[in-house]
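Chemist: Please see the structure below; I have some questions.
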Amino acid sequence: MQELLGNDSKTCPAEENVEAICQFFNTIGKQLDENPKARRVNDVYFSRLKELTTNPHLAPRCRFMVRDVLDLRANSWVPRREEVNFPCAPYFSSLVYCFGGGGTRVSSYVLLISCTCTHVEDGNAT
């Protein structure tokens, strides 16, 4: 963990390292914090992560990823919003906006699912 974050708080860790740490804490952070000894160790890592949120050398996407992990821990590992898992998520190929009026306004959405097109207009599938 120390190697991923870097030894010096003045240096900026690689983006892939920051992503790995965020995924690590998203996955098992709650379990790690249940042990008081491990929580104290994590406090050190989280203070370093907090520093990264203001590091201008870190990509904004990574800074927000770190903020999300910090917020998750501050909220006792309860996500801000419930994750929605669609049973057919692997089959979603794309979401296409159909424009009406010469492309100036969105008139409806078309969701393509495994080459099966469902047209949704005003919340009603046809």
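The values are calculated or read from the model by the stated rules, or taken from the named source; none is laboratory data. If you're wondering where the values come from, they're calculated on a predicted model, not measured in any experiment. When we count neighbours, we look across all protein chains shown, and the Cβ atoms used for this are built from the backbone with ideal geometry, even at glycine.
Chemist: Given the options 107, 94, name the one that is modelled with pLDDT under 80, in contact with a Cys (Cβ under 7 Å, 6 or more places away or on another chain) and exposed (fewer than 15 other Cβ atoms within 10 Å of the Cβ).
Modeler: The conditions single out 107.
Chemist: Would you mind finding the one in 73, 48 that is under 30 Å from residue 8 (Cα atoms), modelled with pLDDT of 95 or more and surrounded by 10 or more Cβ atoms within 10 Å (Cβ to Cβ)?
Modeler: 73
Chemist: Is one or more of the residues making up region 21-33 farther than 14 Å from residue 72 by Cβ and among the acidic types (Asp, Glu)?
Modeler: No, region 21-33 contains no residue that is farther than 14 Å from residue 72 by Cβ and among the acidic types (Asp, Glu).
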